[in-house]
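Read through the structure below, which is laid out as structure tokens, and then see the notes.
The values are calculated or read from the model by the stated rules, or taken from the named source; none is laboratory data. What you see is a predicted model; the values in this text were computed from it and never measured. So basically every Cβ, Gly included, is an ideal-geometry build from the backbone, and we count neighbours across all protein chains shown.
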Amino acid sequence: MLHDAAHGIAGFASVVYHKSSHDQFRFIGASRSDRFEVPNTVGQQALGIDDREAGADSFANLTWLHTSNTGTVVTVSPYYHFNRQQYIGGSRSPLVTTDSRASNYMGASATVATIVGKHTVRVGTDSFAEHDNSLFGLAETTGLLRSATQQEVLWSNVVALFAEDSYRVTSRLTLNGGLRFQRFAGTVTEQATSPRLGAALAVPHVGVLRGSYSHYYQHPPTSTLSGSLLDFALSEGFGFLPVFGEHDAVWEVGLGIPVHGWTVDVDAYRNMANNLVDHDVLGNSNLLFPLSIEHGRVRAFESTLRSPLLLGRLQLHSAFAYQIAEGRGAVTGGMTDFQPPANHDYFFLDHDQRVTFNSGATLDLPKGFWVSGTVLFGSGFLRGDGPDHLPAHTTGDVAVGKALTSRVSLRFTAINIADTQYLTGFENSFAGTHWAAPRELAIQMRYKFNY
């Protein structure tokens, strides 16, 4: 791994104020800044390529929670979120890339929940406005020395309204239903109404059987491509189409089984998407252009296992997933040179990894110490555009902590402790070539205020 240094700093605050037995105010704020070197191949390192990335993120959420004597709960949460991401191309790159994007989100969510007989009813909204200011530039340092720069200042907004009901038919059977309306206005304007239905049945001596059918709408990104940058892309053989929102229909069935304090859960789902929103990567960078594919489907089986506290000190957990992620049809929006199979068959998406498994344990030790470990296995992501996959990989994480006092605790974490190197993508049309993160070490001190 060459040219891969990284550093960051972050801080956060959480305040809870009880004005009365019926009113509570909460504030959560956080801010962070990160700097990364973009890893080089041996050849890129020899050329002295020095591409870097920088990121900043801050948010503030304020919540008013009001409960009445009748059991009605009102929650109002205005929020603000700022995010800036920058890709700073080094002057020695054959194609110098500059990308700076700042996004401001301002909005609020509000819900009213009440109990009427056997019904638990919730209505509300989650609506926001987004302001994007982005600058993107490409400049050749060899050959024709072409260059293109584009700056966009765009507004968009999302208005969402929802209503849902949970109806306890009997002590064992609960039915759920809901309806959500969303309207997106930005580079395109569209709206969608999404119904959702579900049921949960407690089966004696077995567990809780659940099933659902849901529609979802995912609005498109605000940014687009135009001007001289679009001309540059077209001259390179790329096309660009507006990106519209994604529509999903999801079937899901699951079973939760309690066994002597252990919890076993199994789940299977199938997601069929129209206008599947994905991304196209520029080379091996983290610069992503939004795109959409005509159809997509994800089929998966998942299971989890969690133990009770064993011998008063030990807790075990594991999770297993088998997933197939596929797309079909042409690219319907965005910029890419990907050509789908001529026979209109499904092709695998870049995040198609069939088997994912992790298992771990947490052990409480004397004198306030504790230790935890997790082993993670992946069967390998897609090689190129498939159908072959990359080799399997296994990594391990370890954490050790100690309570110094009733208020102060320390924690040390090692992620990918063996520094295992493996590819998460290789020459894929949508994801380029990327390596997994190397070993990461972190130290955390936590102080608990009097509350």
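When we screen L175, L138 for residues that are surrounded by 14 or more Cβ atoms within 10 Å (Cβ to Cβ), in contact (Cβ under 8 Å) with a residue 60 or more places away in the chain and either more than 25 Å from the chain's Cα centre (by Cα) or within 30 Å of H205 (Cα to Cα) (or both), the only hit is L138. Considering V259, V277, the condition of being β-branched (V, I, T) and either farther than 21 Å from F348 by Cβ or modelled with pLDDT under 70 (or both) is satisfied by V259 alone. Look at (1) in a loop (DSSP other than H, G, I, E, B); (2) in contact with a Leu (Cβ under 7 Å, 6 or more places away or on another chain) and you find that L410 fails only one, number (1). Mind checking whether some residue in region 145-163 is at pLDDT 80 or above, surrounded by fewer than 16 Cβ atoms within 10 Å (Cβ to Cβ) and under 19 Å from V121 (Cα atoms)? Checked against the condition, which is being at pLDDT 80 or above, surrounded by fewer than 16 Cβ atoms within 10 Å (Cβ to Cβ) and under 19 Å from V121 (Cα atoms), region 145-163 yields at least one hit. Please indicate, with yes or no, whether at least one residue in region 306-328 is touching a Gly at 6+ places or on another chain (Cβ under 6 Å) and crowded, with 17+ Cβ neighbours inside 10 Å. For region 306-328, residues touching a Gly at 6+ places or on another chain (Cβ under 6 Å) and crowded, with 17+ Cβ neighbours inside 10 Å: present. For region 423-433, the count of residues that are modelled with pLDDT under 85, touching a His at 6+ places or on another chain (Cβ under 9 Å), part of a loop (DSSP other than H, G, I, E, B) and surrounded by 15 or more Cβ atoms within 10 Å (Cβ to Cβ) is at least one. Within region 115-161, the set of residues being in a strand (DSSP E or B), of a type in the set (A, V, I, L, M) and more than 18 Å from N104 (Cβ to Cβ) comprises I115, V116, V121, V123, L138, A139, A148, A160, L161. With the condition kept exactly as written, say whether any residue in region 437-451 is in contact with a Ser or Thr (Cβ under 6 Å, 6 or more places away or on another chain) and surrounded by 15 or more Cβ atoms within 10 Å (Cβ to Cβ). Looking through region 437-451, none of the residues is in contact with a Ser or Thr (Cβ under 6 Å, 6 or more places away or on another chain) and surrounded by 15 or more Cβ atoms within 10 Å (Cβ to Cβ). Do we have G283 as modelled with pLDDT under 90, assigned to a strand (DSSP E or B), touching a strand residue (DSSP E or B) at 6+ places or on another chain (Cβ under 9 Å) and on the phi > 0 side of the Ramachandran plot here? Considered against the rule, which asks whether it is modelled with pLDDT under 90, assigned to a strand (DSSP E or B), touching a strand residue (DSSP E or B) at 6+ places or on another chain (Cβ under 9 Å) and on the phi > 0 side of the Ramachandran plot, G283 comes out as no.
Counting only strands (runs of 3 or more DSSP E) that sit completely within region 1-101, those holding 2 or more residues that are within 30 Å of F136 (Cβ to Cβ), out of contact with any Asp or Glu (no Cβ under 6 Å at 6 or more places or on another chain) and of a type in the set (G, A, S) correspond to 6-18, 23-37, 52-67. Answer yes or no: is there a residue in region 357-368 that is surrounded by 15 or more Cβ atoms within 10 Å (Cβ to Cβ), within 21 Å of the chain's Cα centre (by Cα) and closer than 19 Å to L316 by Cα. Looking through region 357-368, at least one residue is surrounded by 15 or more Cβ atoms within 10 Å (Cβ to Cβ), within 21 Å of the chain's Cα centre (by Cα) and closer than 19 Å to L316 by Cα.
Taking the residues in region 43-69 that are farther than 29 Å from A10 by Cβ and hydroxyl-bearing (S, T, Y) as candidates, determine which candidate is surrounded by the fewest Cβ atoms within 10 Å (Cβ to Cβ). Among those residues, the one meeting the criterion is S68. Please determine, by comparing only the residues of region 20-42 that are over 20 Å from N104 (Cα atoms) and among the hydroxyl-bearing types (S, T, Y), which one is surrounded by the most Cβ atoms within 10 Å (Cβ to Cβ). Filtering region 20-42 for residues that are over 20 Å from N104 (Cα atoms) and among the hydroxyl-bearing types (S, T, Y), the one surrounded by the most Cβ atoms within 10 Å (Cβ to Cβ) comes out as T41.
Looking across region 332-387 at every residue that is of a type in the set (A, V, I, L, M) and at pLDDT below 80, the one that is farthest from S429 (Cα to Cα) is identified as A342.
Is there a residue in region 315-322 that is in contact (Cβ under 8 Å) with a residue 24 or more places away in the chain, closer than 19 Å to L276 by Cβ and either among the aliphatic types (A, V, I, L, M) or out of contact with any Cys (no Cβ under 7 Å at 6 or more places or on another chain) (or both)? The answer is no; no qualifying residue exists. Please indicate, with yes or no, whether at least one residue in region 94-104 is surrounded by fewer than 16 Cβ atoms within 10 Å (Cβ to Cβ), in contact (Cβ under 8 Å) with a residue 12 or more places away in the chain and among the β-branched types (V, I, T). The answer is yes; a qualifying residue exists.
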